[in-house]
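Participant: First the structure, which I've put down as structure tokens, then a few questions once you've had a look.
The values are calculated or read from the model by the stated rules, or taken from the named source; none is laboratory data. Not measured: the values here are computed from a predicted model. Note that each Cβ is placed from the backbone with ideal geometry, even for glycine, and that neighbours are counted across all protein chains shown.
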Amino acid sequence: MNFPEARFDPGTGAEPGTRGYVYHDHRIVLAVNVALAVRRPLLVTGVPGSGKSTLAADVATRLGWSHVSTTITSRTRLEDLTARIDSVRRLADAQAKRLKGDRAYLIPGVLWWAFEPESAARMANRSEDIHTDLQNAAEGTVVLLDEIDKAEPDLPNDLLAPLDLFKINVPGRTPISAGTHVLFIITSNGERKMPPAFLRRCVVLELSDEDPDFFTAVATSHFGEREDSLYADIAARALKLSRLAKDERRRRPSMAEYLDTVCASLEFDQRPPTETTEGTPLWAAIEEAALRKTRAGADGADGA
């Protein structure tokens, strides 16, 4: 199968004036292009809030490709990603004595939607945890498998054949192969080590959430340019709290919480304390509610 050449350029594809992904590190663009060139999955690792999950949709937009995604859980099995049987509908038909073959009860998984969207669309049911944008499926598809480290240990190895061959087996059908270029982007919070065989098949990108320039660039993309240092000052505060939380083995502030803090600071015209200025009681309340959150599950595990 000959696939179209695909070279990723973050300067193209996004609609003017929209808030796209911030490519603050040249390694991100390089990793995407390497994954496209060698037709390997891109495994993106990093703590929650470092920008892993949002990368896939932005890459799809800028390439002009379709985008399908699903979030992996401890209950996810390979058949959930390929095709599973709707056992409830099958049981109902059996009780009504109108039972059909297994093929009639198939629910397409995210890999089926990515490889052969036309036949997946012809199936009557769709899994609610699969999100699809198939407008440009003829050009190519970016598949997001989010939070692979939440899966049972067998799933990464079960995915080796589909990731290698771009082919899946479906009950009652001939194998389904990808008809266009497919880029897998797989994310991990680093909560579990991946099997060596799985890692060998991936291009790996590790994102950092400790770069102040990244924080300020994201804030600028959301709220616009500023001539003062507000974004940087709040970023410095967030990173300071992040280091303290890491030392104390508590949950660290995420990018989303940083952006909430920036938004609240703009709304109430507040600034964080710096080496030369003191913060106000209102700023302290904003920090406590939006950024620090020490009194609400501070000792809990990191979330997505």
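Residue-wise test of (1) surrounded by 21 or more Cβ atoms within 10 Å (Cβ to Cβ); (2) touching a Lys or Arg at 6+ places or on another chain (Cβ under 7 Å); (3) over 26 Å from ARG40 (Cβ atoms).
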site	(1), (2), (3)
GLY172	no, yes, yes
PRO175	no, yes, no
LYS193	no, no, no
ASP228	no, no, yes
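Participant: Ok, one more. Restricting attention to the range 216-223, does a residue exist that is crowded, with 21+ Cβ neighbours inside 10 Å and either more than 17 Å from ILE28 (Cα to Cα) or of a type in the set (Ser, Thr, Tyr) (or both)?
Facilitator: There is at least one residue in the range 216-223 that is crowded, with 21+ Cβ neighbours inside 10 Å and either more than 17 Å from ILE28 (Cα to Cα) or of a type in the set (Ser, Thr, Tyr) (or both).
Participant: Please go through the range 181-226 and give me each residue that is among the small types (Gly, Ala, Ser) and touching a residue at least 12 places away in the same chain (Cβ under 8 Å), ordered by number.
Facilitator: SER188, GLY190, ALA197, SER208, ALA217, ALA219, SER221
Participant: Right, something else. Please work out if GLU206 is over 19 Å from the mean Cα position of the chain (by Cα), surrounded by fewer than 18 Cβ atoms within 10 Å (Cβ to Cβ) and of a type in the set (D, E, K, R).
Facilitator: no
Participant: Which of the following residues is surrounded by fewer than 16 Cβ atoms within 10 Å (Cβ to Cβ), closer than 23 Å to ASP158 by Cα and either of a type in the set (S, T, N, Q) or at pLDDT 95 or above (or both): THR73, THR18, THR45?
Facilitator: Exactly one of THR73, THR18, THR45 is surrounded by fewer than 16 Cβ atoms within 10 Å (Cβ to Cβ), closer than 23 Å to ASP158 by Cα and either of a type in the set (S, T, N, Q) or at pLDDT 95 or above (or both), namely THR73.
Participant: Do the conditions hold for THR187, that is, is it over 21 Å from the mean Cα position of the chain (by Cα) and under 30 Å from SER66 (Cβ atoms)?
Facilitator: no
Participant: Evaluate the range 216-231: report whether one residue or more is closer than 30 Å to PHE166 by Cβ, modelled with pLDDT of 85 or more and not in a loop (DSSP other than H, G, I, E, B).
Facilitator: No.
Participant: Taking the stated definitions as given, is ASP80 closer than 25 Å to VAL204 by Cα, acidic (Asp, Glu), under 13 Å from the mean Cα position of the chain (by Cα) and part of a helix (DSSP H, G or I)?
Facilitator: no
Participant: Restricting to the range 117-155, and then to whatever is modelled with pLDDT of 90 or more and in a loop (DSSP other than H, G, I, E, B), can you tell me which residue is nearest to the chain's Cα centre (by Cα)?
Facilitator: Taking the candidates together, the pick is GLU147.
Participant: Out of curiosity, is SER229 of a type in the set (Gly, Ala, Ser) and without any contact (Cβ under 8 Å) to a residue 60 or more places away in the chain?
Facilitator: Spelling it out, SER229 is indeed of a type in the set (Gly, Ala, Ser) and without any contact (Cβ under 8 Å) to a residue 60 or more places away in the chain.
Participant: In this structure, is VAL68 part of a helix (DSSP H, G or I), crowded, with 23+ Cβ neighbours inside 10 Å and touching a residue at least 60 places away in the same chain (Cβ under 8 Å)?
Facilitator: Taking the combined requirement at face value, the residue does not satisfy it.
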